[in-house]
Every structure is written in C-alpha cells, then in structure tokens.
Amino acid sequence: MRVFWMMLAAASLSGCTSFRADSEHLKAVPAERLSAWQQTLSPSSELVVDRDIGMLGGGCYVALLIDREPAALLAVGEVATFHLPPGEHIVGITTDKQGGLLCSKGRLNRELRLQAQPGERQHLRIVSEAKTGFGIVLDPR
C-alpha cells in the first residue's frame, strides 16, 4: 500500500511540469496587459516570450520585466513580442503584484541577461516545474 501512495504522489507531481505549446495554440497577450516595448524601433531586436502550458500557477499571471521594469502580464499559453534597442538587457519574471489574493503573495524573481543584436529575433519561454517552480529560459528555435 505504501508503494501505491508513493507512486500516486509521484504521478501527481509530474503533472505540474509545463510543456511548450504549439505556435498555433498560443494566444497573443491582450493589449491591456502589455505595458512596454511595443513600439517598433530602428534599429531594433525582437524578443518573443511565451508561457508554457501547465497546471502549476495556472490561475495566476506571471509578470515579465525588461530591464527590471514591468513589460507584460502573461497567462498560461500566451505569447508577446517586444521591440528592444540593441545592447544588453535583463529579462525577468516575478509575481503579479497587482493581482491580489494568493497570486501576488508568492516569491518569484528569476532573471537572465541577453544581448540584443539589430535585426535579431530571440525566443524565451516561461516554464514551470514541480521541483524548481517558475523559470525563464532561452528557447533556441
């Protein structure tokens, strides 16, 4: 019986790992949840960020920060595109501080540094895993 409960616990935790959505299943983040980096610049680099599909944190938005300033709130299965000037940028994720209830109470602060080149398009994914929680990773498409 003990083995059964251990297997059940392992199976339920594995269901919390996210997976990449196919591009045809991703929805664009609505304009009211985009707050920065939407104007096309010349020269510019394009940054595409999508949030994986998964159960962990599925009812909460994840706040995307660019250069530590709010840029968007992403829900599960959403994608947003940003236009960045060339150079080094810090891209991070945190909890939705405006959300209230439990979604704004968690601790989340993940960042990565990226180098934006003129005319380049980079892809990032917001992932969620049972062991490590949320993360932001480079997606080599």
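Read the figures in this text as sums done on the coordinates, not as results from a lab. This one's a predicted model, so the numbers in the text were calculated from it and none came from an experiment. Here the Cβ positions follow ideal geometry from the backbone for every residue, glycine too, while neighbour counts run over all protein chains shown.
Numerical summary
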{"item": "Label-point separation in nm, residue 83 to residue 69, each point 7 Å along Cα→Cβ", "result": "1.5"}
{"item": "Packing-based exposure ordering (other Cβ within 10 Å, fewest first) of 131, 97", "result": "131, 97"}
{"item": "Cβ-based exposure ranking for 52, 22, 139, in which fewest neighbours within 10 Å come first", "result": "22, 139, 52"}
{"item": "Relative exposure of 107, 51, judged by other C-beta atoms within 10 Å (fewest first)", "result": "107, 51"}
